[in-house]
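Student: Structure in structure tokens, see below.
The values are calculated or read from the model by the stated rules, or taken from the named source; none is laboratory data. Everything numeric in this text was worked out from a predicted model, so none of it was measured. Virtual Cβ from ideal backbone geometry, glycine too; neighbours counted across all protein chains shown. For the accessible areas, the whole protein counts, side chains as well, though only heavy atoms, and no ligand, DNA or RNA atoms are used. Shrake-Rupley method; radii C 1.70, N 1.55, O 1.52, S 1.80 Å.
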Amino acid sequence: MEFHRSDSSSSPSSSMPTPNTTDPKKPSTDPMHSWWESVSKARSRIHALAAILPSSSHDPLSSLADSDRPALSLLSSSAAYAAVSASLSGSHSDPLCHWLYDTFLSADPHLRLVVLSFVPLLTGLYLSRIHSPEPPSLAGFEAVLLALYAAETRSRNGKPLLVTIPDLSHPSIYHAPLRKPQSLSPPSVGLISPPLEPQLGVKSTKRPAIVGVALHSFFSQISHMPAWSKLDFCQFAAAWAGSAPCPCRNQFDDATIPEHNEIRDAKGERIPLPWEILQPSLRILGHCLLGPLNSQDVKDAASFAVRCLYARASHDLVPQAILATRSLIQLDVRTAEAAKANAGSNSNSNTPTKVKKPEILLVSK
């Protein structure tokens, strides 16, 4: 298989492995054997990672390999994530890209979660660098993206991603009318993603679709993703939109809610944002913004990124992007107002009040 960085670029050498398109071997029926095989595979991948990272990362990674759940320990290690982030180049010879590629093809579900946790970093760096005036060779990034795309293509099996839109004539999405009309109209169906076509390389015309599939894969497992991975994505999304101050960014915020015009860390550069990339990005930001278990740092970063994307969509005059980002902003504003009202009621309930004397009723005999 050949990997193309763009239409005009030459393909890298064939030393990068080809994504496995066959089904993985069936696991053993013995639960203990399957567990030990998974642990051994995870420890092997962690030791392989330690061999290509700086020596300062060896001790933390060794402790992760010795745990009972090494793959999940690696997933929840911010130190390991930072070490990979600092060394990732994306070139064809980048050993970390080879490690991510081989680890994803291992088909172990927990190891795949580890690879997916690096999707925000990988796509963020890739899109920022590929749109630079003189883009470097990023064949390593593209090989990992193609592996994610190939896995999703097999999973969908030639079918599109659809969503059934609720009938607003019903009292709620959980109820149907007692008396059904004689002529039932077919349910409204929305298209999230068309059927995927196999790709042998990352051509410029197919790049948004391939990156969008990688972001969708991240979103599909976002409840398992660590906070620093989500935070990375929010910062990249703000930079992709262009984080320069703009008055329309805060036009829906109430005066009592802190403005989002403070300077924040932004990663990457302003880039083109076709719908194939913007749609999964907004789904990720929606989770980061409204997920109840997310940290406040993640929610604040998502709030800032959504407002940046709204300003970008308003300037680019993209109706569907304006509607989507505006809806997320309004949900964010209402959530902030509800939290403020709840905090006020809690403070009032904690105010000491004078105890009333019990009433005495006089009854005549």
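Student: Taking the Cβ of L293 as the centre, find all other residues whose Cβ is under 12 Å away and add up their charges (Lys, Arg: +1; Asp, Glu: -1).
Tutor: Computed value for this residue: +2.
Student: If only Cα atoms are counted, what is the Rg of the range 291-338, and what is its Dmax, in Å?
Tutor: Cα-based Rg and Dmax for the range 291-338 come out at 11.4, 34 Å.
Student: If Lys and Arg each add +1 and Asp and Glu each add -1, what is the summed charge of the other residues whose beta carbon sits under 13 Å from the beta carbon of I192? If you can, show how the numbers build up before the last one.
Tutor: Numbers: positive: R156, K159, R283; negative: E152, E276.
Value of the local net charge: +1.
Student: Ordering L273, L145 by how much accessible area each has at a 1.4 Å probe, largest first, what is the list?
Tutor: Heavy-atom accessible area, descending, gives L273, L145.
Student: With labels modelled as points extended 7 Å from the Cα through the Cβ direction, what inter-label distance (nm, one decimal) is found for W35 paired with F252?
Tutor: 4.8
Student: What pairs in K159/K230; K206/K299; K203/K299; K203/K267 have C-alpha atoms more than 26 Å from each other? Spell out each step's value before the answer.
Tutor: On the way: K159/K230 28 Å; K206/K299 32 Å; K203/K299 34 Å; K203/K267 24 Å.
Cα-Cα > 26 Å for K159/K230; K206/K299; K203/K299; rest within.
Student: Using a 1.4 angstrom probe with every protein chain in place, what is the largest-first accessible-area order of L127, L290? Could you put the intermediate results ahead of the total?
Tutor: On the way: L127 5, L290 75 Å².
Greatest to least solvent exposure: L290, L127.
Student: Additional query: Karplus couplings for the range 38-55 from phi (6.51 cos²θ - 1.76 cosθ + 1.60, θ = phi - 60°), rounded to Hz, Gly and Pro as x?
Tutor: 5, 5, 5, 5, 5, 5, 4, 5, 5, 5, 5, 5, 4, 6, 10, 9, x, 4
Student: Please report, in Å, the Rg and the Dmax of the range 23-141, where both are computed over Cα atoms only.
Tutor: Gyration radius and largest Cα-Cα distance of the range 23-141: 15.3, 55 Å.
Student: Only Lys, Arg, Asp and Glu count, each charged at its Cβ (+1, +1, -1, -1), so figure out the dipole size of the range 36-164 about its Cα centre, rounded to 20 debye. All intermediate terms of the calculation are to be shown ahead of the outcome.
Tutor: Working: 9 positive and 10 negative charges, 78 e Å.
Value, rounded to 20: 380 debye.
Student: In addition: Can you compute the modelled spin-label distance between H47 and S204, with each label point 7 Å from Cα toward Cβ, in nm?
Tutor: Between H47 and S204, the simple spin-label model gives 4.6 nm.
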